[in-house]
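Worksheet: one structure, shown below.
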Amino acid sequence: MNHFDDSRLTAMGLLAEAYTGIAAKAHESFAAAGLSEIDFETLIRLARSPQGRLRMSDLAAQTGLSTSGTTRVVDRLEREGLVTRQACPTDRRASYAAITEAGTDRLGGVLPQHLIDIETWFTGLLPPAELSAFLGTLRTIRDAVRPCATAGAEDFRPEEAALIPSE
């Protein structure tokens, strides 16, 4: 057997190809809103977190950026008025990044097209039961390789979306 013909290599290759393909489809709508992929990732994580904020260390863990990388992204978003820093009342060494109204507005401008892109190129391609199983699989893998990825925020589950009142 050819040692290059290994299903583990195929799995990694397919995952990488699927992710980069979906990211490329989303890039256009992010760019039109003046956001990079990491800008969007930062804003959406803040918007989906309790009180629209996360400790900087938790934001770093969730985005996979280093602490200095997170600082640079938050600095840039803060200059644009999309994020603000807040002191932690219980720990002087810690601070929060919080999404501003302008950040919420910018995110709201890109979100409808992003959801269409997700539906078109990802979730809409799978029947509901298959999607649910796939999301469970992704959570299992994510939790093993990035155990701090949900630090400071509750994990949103689409099956619970029906419980959230719509506006």
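Throughout, read-outs are computed from the coordinates displayed, never taken from laboratory work. Bear in mind the structure is a predicted one, so any value in this text is a computation, not a measurement. Counting neighbours? That spans all protein chains shown, and the Cβs are built from the backbone with ideal geometry, glycine included.
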Of all alpha-carbon pairs in the stretch 26-73, indicate the percentage at a distance above 13 angstrom.
55 percent
Find which of PHE122, ALA33, MET56 sits farthest along the positive direction of the dipole of the chain, computed with +1 on the beta-carbon of Lys and Arg, -1 on that of Asp and Glu, about the Cα centre.
MET56
At most 12 other Cβ atoms within 10 Å plus a DSSP loop assignment makes a site exposed; report the longest stretch of the chain without any exposed chymotrypsin sites (Phe, Trp or Tyr not before Pro).
5-155
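Counting only Cα atoms, I'd like the Rg/Rh figure for the stretch 12-52, Kirkwood definition for Rh. Let's see the in-between values first.
Values: Rg = 12.5 Å, Rh = 11.4 Å.
Here Rg/Rh amounts to 1.10.
Mind putting a number on the dipole of the stretch 17-161 about its Cα centre? Charges go on the C-beta only, +1 for Lys and Arg and -1 for Asp and Glu, and I need it in Debye to the nearest 20. Write out the running numbers ahead of the final one.
Values: 16 positive and 20 negative charges, 127 e Å.
Computed charge dipole of the stretch 17-161: roughly 620 debye.
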Report, to the nearest 10°, how far helix 128-145 tilts away from the longest principal axis of the Cα atoms in the chain, using its own Cα long axis and a range of 0 to 90°.
70 degrees
For the pair ARG142/SER36, report the inter-label distance in nm, with labels modelled 7 Å from Cα in the Cβ direction.
2.2 nm
Considering only THR100, ALA87, LEU77, whose Cα is most displaced toward the positive end of the charge dipole of the chain, charges sitting on Cβ of Lys, Arg (+1) and Asp, Glu (-1)?
ALA87
For the Cα atoms of the chain, what angle does the longest principal axis make with the long axis of helix 7-32, in degrees from 0 to 90, nearest 10?
40 degrees
Expressed as an acute angle from 0 to 90° and rounded to the nearest 10, what is the orientation of the C-alpha long axis of helix 37-47 relative to the principal long axis of the chain?
60 degrees
Mind checking which of SER68, SER95, SER29 has the largest fluctuation in a GNM of the chain, springs on alpha carbons under 10 Å?
SER68
Once every DSSP H run of n ≥ 4 in the chain is given -39500 (n - 2.57) and the sum is divided by its residues, what mean residue ellipticity at 222 nm do you get, rounded to the nearest 500 deg cm²/dmol?
-19500 deg cm²/dmol
Lys/Arg +1, Asp/Glu -1 at C-beta; the stretch 17-161 dipole; positive extreme among PRO147, GLY136, ALA24
PRO147
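Any idea what the alpha-carbon Rg over 2.2 N^0.38 Å comes to for the stretch 17-161?
1.08
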